[in-house]
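Below is one structure; the comments refer to it alone.
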Amino acid sequence: MVRKELTIRNKLGLHARAAAKIVQTSNQFQSNICIIKNGREANAKSMLDILTLSCPRGTRIELRAEGKDAAEALSALAVLFDNKFGEE
Amino acid sequence: MPPGNARMVLKGIGVAPGIAIGKAYRVDRNKVSLVYYYLPSPDQTKREKDRFHTAVDKAEADLKKLRAKMAGEFPEHAYIIDTHIHILRDRMLYDETIRIIDEQEINAEWALRQALENAQQIFTKIDDEYIRSRFSDVDFVAERVLQNLTGQNKQSVAGIRERVIVVAQDLSPADTIQLQVEKTLGIVTDMGGKTSHTAIITRSLDIPTVVGLEKVYQEVRSGELMVVDGHAGKVIIDPDEELLNYYYERQYQLERYRKEVVRCAELPAETEDGYHIKIQANIELLEEVVAVIDNGAEGVGLYRTEYLYLNLDQPPAEETLFWDYREVAEIIYPEMLTIRTLDLGADKLTTRTRGLGETNPALGLRSIRLCLQEDETFRTQLRAILRVSGITKNIKIMFPMISGVGELRAAKTVLEEVKQSLVQESIEFDENLQVGIMIEVPSAVAVADLLAREVDFFSIGTNDLVQYALAIDRVNENVAHLYEPLHPAILRMIKQAADAGRQAGISVSLCGELAGEPLYIPILLGFELDSLSMNPLAVPRVKKIIRNASLEESKDFLNEVLNFTTAGQINDYLCDLAWKRFREDFELFVDEMGKLPASSGTGQ
């Protein structure tokens, strides 16, 4: 399993557009990917899971991936987060 | 108190009697389509999953088309469609629906609705308002799939259906009519009052109904087991076994009593001392005519004619009306059919009248006023009625909401003109057609002696009379408890109108909900009316009670009661009398008496 800790830095947090991008990216990989916030886990391939995890700007989260392409998946997602989902 | 426990018991207003036990089905207003059945075998589970896949595929294809279009026109919003496509395949909706189909062996629509409700539960708990409101996107996506599913489903609803209890915030009369009666065990709503037209319709369709529950829509989840007690006005959510058994037993006893009463429905309503009062039926739909005959009603005292006008942009054609009235008249023959002319407005709105935007529609342009203004619509209806009268000769015509002699004459003038035009066209009508009016506006009571000289009959419409005389909006649940048909003012007004009619030698009937209330029979008999007209289902029991009553006793009783000061006092006195005189007819219905008579001896 691969893990990575992150802080949400885009203005709107994980709202619909950002969640859609996470799902889109995650779906390109076979690994199981999840987002964890305060011990609660959301499937990164489920838009509604991510939304209902409710992550505004400043939230600390952990990304976890398990599977043969886990490392690639996490670095692809990290790029998304770093680019603030292309918002600003 | 009944034994046992439940997750929740809600108290509302019981508007249609009977006990319904079944699963809840929440409906959104304007989305009344019931598609719910169990699958009898595992191979059909597979079929349901295939249907669901196909419906989702189609929804996805549609969304992608939409996205392509949007990418050209509004590129910055195209992502919204992307979100919808993701939601479509989201495990919270997609996998969950499949799981529910497998686990509960139910059809795709129902499973999807359950998945949707589960998702809603999750969303409503979220603090962030933006995310919370994203549920509307989920709802939107699910609705698309549902539409695809039901579109396919139309031809194949042949599976075993389970009947449900419909839970809604509110149902308009038009919604109620659209409900599939054979699949509706019971109805419960947040809004509404005892004499709202929804209540009147469900009562006539014999569907146990409780309204004015305020929060049942919010509290109940689809699929939950519930009991609707239409007598006590109670809704029991998720009862335990003990309580459930109690209601099964009660349901059985009520059914048994009803069968016994219906068996003697044909016998006339004649008191022990030989006074015969005609018992007629109020109907709204052609379909109800069967109930009129089956329940031993002597004709129709009130045929409400609004149904054919509801939700139409244009009033119906004369031929449509002609055939509808003719069919009812021929089935009722040789008994009489009293047709009330159009009583539109207030809570029965057509597409047209909804546009008026009146702040106080109950006092606005409605009923006969609307007819006198919308002259053509009125004339078309009168022509249709008159033409039928020429063929069947068993029609009476009745104008609603007449407030004084001037209005009556205006309506009669139109009627005369329509008759003249028929004469010119050599179209036959009944020359002896009786013309009467509803007495339902307080001013009509005050001048009942003047009105009686110009009509053939009165029909006292207590629903509106109570509403106008007591200034109570009957669909407003905040004041519904003040809607007191036994208010001394109402009893005195009925007496005044009845006496004025009798002195003028015309017949007087009473056709509000009051007429079908078994508890009120001793009072109603005391008015010495010619007929009572009520919901057809009430007829057998009312007739049975009248056969055990006496006119002299009722007259004495009424005289006594007319000196009472409050509705509550009159009600208590009636309950005591019912308990002493007609015990076997009230034993099972102690709840509907409101307050138990002190002498009853059974705790509640």
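The values are calculated or read from the model by the stated rules, or taken from the named source; none is laboratory data. Treat the numbers as computed from the prediction; the structure is a model and nothing was measured. Using ideal geometry, Cβ is built from the backbone for each residue, glycine included, and neighbour counts are taken over all protein chains shown.
Observations on the model:
- Residues being in contact with a strand residue (DSSP E or B) (Cβ under 7 Å, 6 or more places away or on another chain) and at the interface with another protein chain (Cβ under 10 Å from one of its Cβ atoms) - total across region A:46-64: 4
- Boolean, residue B:21 is at pLDDT 85 or above and assigned by TED's automatic domain parsing to the domain that holds residue B:198: yes
- Conditions (1) touching a Leu at 6+ places or on another chain (Cβ under 8 Å); (2) away from chain B (no Cβ under 12 Å); (3) not charged (D, E, K, R): number failed by residue A:18: (2)
- Test result for residue B:448, crowded, with 20+ Cβ neighbours inside 10 Å and at pLDDT 95 or above: yes
- All positions within region B:105-142 that are part of a loop (DSSP other than H, G, I, E, B) and in contact (Cβ under 8 Å) with a residue 60 or more places away in the chain: B:105, B:107
- All of (1) more than 10 Å from chain B (Cβ to nearest Cβ); (2) modelled with pLDDT of 90 or more; (3) in contact with a helix residue (DSSP H, G or I) (Cβ under 7 Å, 6 or more places away or on another chain) hold for residue A:10 with one exception: (2).
- Selection within region B:545-575 - within 27 Å of residue B:276 (Cβ to Cβ) and among the acidic types (Asp, Glu): B:552, B:553, B:556, B:560
- Count of region B:308-325 residues, restricted to those that are assigned to a helix (DSSP H, G or I) and crowded, with 16+ Cβ neighbours inside 10 Å, is 6.
- Here is the figure for region B:537-564: residues that are among the aromatic types (Phe, Trp, Tyr) and either closer than 9 Å to residue B:271 by Cβ or surrounded by fewer than 18 Cβ atoms within 10 Å (Cβ to Cβ) (or both) total 1.
- Residue within region B:89-104 that is surrounded by fewer than 21 Cβ atoms within 10 Å (Cβ to Cβ), within 14 Å of another protein chain (Cβ to nearest Cβ) and either at pLDDT below 75 or not in a helix (DSSP H, G or I) (or both) present: yes
- Qualifying positions in region B:105-137 - facing chain A (nearest Cβ under 10 Å), modelled with pLDDT of 85 or more and buried (at least 19 other Cβ atoms within 10 Å of the Cβ): B:119, B:123
- Candidates B:514, B:482, B:415, filtered to the one that is of a type in the set (A, V, I, L, M, F, W, C), surrounded by fewer than 21 Cβ atoms within 10 Å (Cβ to Cβ) and under 22 Å from the mean Cα position of the chain (by Cα): B:482
- In region B:168-187, the qualifying residues are those that are crowded, with 22+ Cβ neighbours inside 10 Å and under 16 Å from residue B:24 (Cβ atoms), and the one that is modelled with the lowest pLDDT is B:171.
- Checking residue A:38 against (1) more than 12 Å from chain B (Cβ to nearest Cβ); (2) closer than 22 Å to residue A:72 by Cα; (3) surrounded by fewer than 17 Cβ atoms within 10 Å (Cβ to Cβ); (4) of a type outside the set (Val, Ile, Thr), the condition it does not meet: (2)
- Residue match in region A:11-25 (condition: more than 26 Å from residue B:96 (Cα to Cα) and surrounded by 15 or more Cβ atoms within 10 Å (Cβ to Cβ)): yes
- Some residue of region B:280-299 being aliphatic (A, V, I, L, M) and within 30 Å of residue B:556 (Cα to Cα): yes
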